[in-house]
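Take a look at the structure below.
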Amino acid sequence: MAKKSPGPQKLPVKNAANVRSDNEKLLRALIVLFILMGAAAALIFGLVALRRALFTSNPRFQLREVVVQAEGYWQNRSAQLSSRLGIRLGDNLFEIDPGELRKRLSAIPSVENCEVTRVLPDTLKLRVVERIPRAVLANPQGRWVVDENCVVIPRAESMSAGRSLPVILGISDRSLEGGMVLPALQPVMEIIMQVAQNFRDIDIKAVHMREPGKINLILTYRSQKVCQVLIPTGSKDVNLLLTALQSAILHAERRGDTRGVFDLSFDGNVIIR
């Protein structure tokens, strides 16, 4: 027998009460969401107002003193350094960004390292480690000095006062700017630093950079004998060369040899002329 085909099925239909219930739930959810958003905005506004009342608008935190801790040019120059950095007495201490201030301070060529600290209620402390000048550039009265990392520093803002520094000759100071690095001076600075650290009887007076491939030093030994020394720029062991130089000077003195030109260009052998 043939099966009877099922009749059309009836789909469930939501009644009006269910639709109204869903709309009410959605409305209540939106109302709760708006209330929470309003509460969050009020909280944020309240925190900002509270911070302003307690810190940024509090007259107790007005800047009254800038303390500079340094052992060179910037020592006892808090007013000059504050002006350079745009710090004004009376500004609120919490409106001063220590990180931004540290960037400005680090950009000063004579500053090697620094720290900026708020000291409540009214003091800003600047700790400055200055670059140490190791040589004067271009001429003995030159406007620029250089540290052991070949960083150019304005002489007027360095701790070079009262220091006897070698003069690096044979370079032009017309294009020099504070803060620039001169990698070409690295071989010279290596010699100067080795002498300063390990050869106290040697006093370098001048360095000539004119002859390619060689560094020409004018120095005194034990403040008496004046010598001219030629050192190749590609030397790998400067300490060994300077040790050989010192031995050659002493040997020449014992023999009564008054010649003063010492050429170290021959693999550690010293030629005296």
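Here are the numbers for the structure shown:
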item	result
Matching label, Cα Rg over 2.2 N^0.38 Å computed from the structure shown, candidates [x] 0.92; [y] 1.53; [z] 1.99	[z]
Neighbour net charge for Ser83 - beta-carbon separation under 14 angstrom, K R +1, D E -1	+2
Carbon + sulfur, % of accessible area of the chain - ligands and nucleic acids excluded, 1.4 Å	55 percent
Counted charge near Glu253, where neighbours are those whose Cβ lies closer than 15 Å (Asp, Glu -1; Lys, Arg +1)	+3
DSSP bridge orientation in the range 60-130 - percent antiparallel, rounded to nearest 5	65 percent
Value of relative contact order over the chain, rounded to a whole percent, pairs C-alpha under 8 Å and six or more apart	10 percent
The chain, accessible area per residue, ligands and nucleic acids excluded (1.4 Å, Å²)	63 Å²
Heavy-atom SASA rank of Thr243, Thr123 (probe 1.4 Å, accessible area, largest first)	Thr243, Thr123
Exposure ranking of Trp144, Trp74 by accessible area [1.4 Å probe, largest first]	Trp144, Trp74
Under-5 Å amide H pairs with Ile215, H placed in peptide plane, nonlocal only	Ile231, Thr233
Radius ratio Rg over Rh of the range 133-272, counting only Cα atoms, Kirkwood formula for Rh	0.98
Segment Arg143-Phe34, extension gain: residue separation times 0.36 nm, minus the distance between their alpha carbons	32.6 nm
Non-local Lys pairs in the chain, i.e. 8 or more apart or on different chains, that have alpha carbons under 19 Å apart	5
MRE, 222 nm, helices only [DSSP H, n ≥ 4, -39500 (n - 2.57), over the chain, to nearest 500]	-10000 deg cm²/dmol
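The values are calculated or read from the model by the stated rules, or taken from the named source; none is laboratory data. All values reported here derive from a predicted model rather than from experimental measurement. We place every Cβ from the backbone using ideal geometry, glycine too, and count neighbours over all the protein chains shown. These area figures cover heavy atoms from the full protein model, side chains too; ligands, DNA and RNA do not enter into them. Shrake-Rupley method; radii C 1.70, N 1.55, O 1.52, S 1.80 Å.
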